[in-house]
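Visitor: Before anything else, here's the structure in question.
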Amino acid sequence: MGIKELIEAKYWESIDNGKVRCNLCYRRCIIGKDGTGVCGVRKNVNGKLYTLVYGKLTSANIDPIEKKPLFHFNPGAGVLSISTVGCNFKCRFCCNWVISQMRNIVGRSTTPDEVVDWAIRYGANGISYTYNEPTVFYEFMLDTAKIAKKHGLFNTMVTNGYITPEALKELAPYMDAVTVDFKGSGNIDFYRKFMGVPDPTPIYQTLIEMKRYGIFIEITDLIVPEVGDSMEDLRKLVKWIIENLGDETPFHVLRFHPDYQMIDYPPTPVSTLERAAKIALEEGLKYVYIGNVPGHRLEHTYCPECKALLVRRFGFEILEWNLTENMTCPKCGSKINIKGRRHYGRNIWASLI
């Protein structure tokens, strides 16, 4: 790919001897001539930083929004989900490692207008930036999100939360909802050993900023057996969420499945997930879910006050809907923290590239 075909990256600065510092994520990589950052997709060419993945899509699928997972934002909506290659984390258990850890630049060349056109043509209600870490294709995400909003589409992202405050500030007006993924309940040693991340603490500041900007937030926590399943760590994370984001923040406890470099670890026992969910509920979170266990009773939404079954799910599909139009419990009248509206479109599952 020649330099004329590249798009200059946002959020970088020149430093000495032709090096640049990337300020897109909290790693703030210092990159020498012809080098790339940890993500592998932002390159120093003659003292300028360029993105290598602008419009280079590896996936474009119509998904249910529940797959993100977003259970409390426009339930039942269809979203056009897009990704590139690259990631600023190096999770040894990544289920999307084929694209996240790839350092060859591949993908179908697309434009933001084309992506928005796909979403409209296939009846999606919004666009989700997902599968690999969307921060690493920030420029394309930002340009697409701006156009999507003009066409009445919402934008969501599934992220590790390592985006810097300056980059988030520009993106925030166009981002409606986020799923922020924790692993191992944010344990620092786990992040260092199994994810190649020296310090996860900036994620908490990102979440505070997201809340301040009015972005709707749901949290996931991947429970990895033997090495990332501390109930003490989970309790600390839950307490932080309640104190800083609020007790109505949807919280998804996710089951680990062996993948990538951790195929010798077992799936998370369901009993461990249930113990984690019980702790989260006891600490005061009102909406707690168990993910990656289709058919479990904690896939459903219950009224925090009267415990009435409000939304019955199986996997990513809504089977039963018992809320009023105003998103209140029909039994006791409690207001339920669901943003947007219930969508009743056809359940499209489609791969576009």
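Please treat every number below as a calculation from the coordinates, not as lab data. For clarity, every value in this text was computed on a predicted model and none was experimentally measured. Every residue, glycine as well, gets a Cβ built from its backbone with ideal geometry; the counts of neighbours run over all protein chains shown.
Visitor: Pull out the extension gain between residue 324 and residue 45, defined as 0.36 nm times the separation in residues minus the alpha carbon to alpha carbon distance; nm, one decimal.
Guide: 94.8 nm
Visitor: Set Lys and Arg Cβ to +1 and Asp and Glu Cβ to -1, take the dipole of the chain about its Cα centre, and tell me which of 38, 104, 332 lies farthest positive.
Guide: 104
Visitor: Are there trypsin sites (Lys or Arg not before Pro) in segment 83-146 that DSSP marks as loop and that have at most 12 other Cβ atoms within 10 Å, and which are they?
Guide: 103
Visitor: For residue 193, go through the lysines and keep the ones whose alpha-carbon is under 22 Å away, minus same-chain ones fewer than eight residues off.
Guide: Within the straight-line cut-off, residue 193 pairs with 90, 183, 236.
Visitor: If you fit an axis through the alpha-carbon atoms of helix 138-150 and take the longest principal axis of the Cα set of the chain, what angle between them do you get, 0 to 90°, nearest 10?
Guide: The angle comes out at about 60 degrees.
Visitor: Which of rounded, prolate, oblate describes segment 56-299, given a ≥ b ≥ c as roots of the alpha-carbon gyration tensor eigenvalues and a/c under 1.5 marking rounded, otherwise prolate only if a/b is larger than b/c?
Guide: Prolate.
Visitor: Shifting gears a bit: Which of the peptides 202-210, 155-163 is most tightly packed, and how do the rest follow, going by the mean number of other Cβ atoms within 10 Å of each residue?
Guide: Ranking, from highest mean packing down: 155-163, 202-210.
Visitor: Magnitude of the Cβ-charge dipole of the chain, K/R +1 and D/E -1, about the Cα centre, nearest 20 debye?
Guide: Dipole size: approximately 400 debye.
Visitor: In segment 275-353, which trypsin sites (Lys or Arg not before Pro) fall in coil by DSSP and have 13 or fewer other Cβ atoms within 10 Å?
Guide: 307, 341, 346
Visitor: Something else about it: Say a paramagnetic label sat at a point 7 Å from the Cα of residue 312, along Cα to Cβ; which residues of segment 273-297 have their backbone N under 17 Å from it?
Guide: Answer for segment 273-297: 294-297.
Visitor: Evaluate E = 1/(1 + (r/R0)^6) for residue 305 and residue 263, where r is the Cβ-Cβ distance and R0 equals 41 Å; express this FRET efficiency to the nearest 0.05.
Guide: That gives a FRET efficiency of 0.40.
Visitor: Please list 185-194, 46-55 highest first by mean number of surrounding beta-carbon atoms within 10 Å per residue.
Guide: So the order, starting with the most tightly packed, is 46-55, 185-194.
Visitor: Mind pulling the angle between the C-alpha long axis of helix 112-121 and the longest principal axis of the chain? Nearest 10 degrees, somewhere in 0 to 90.
Guide: 30 degrees
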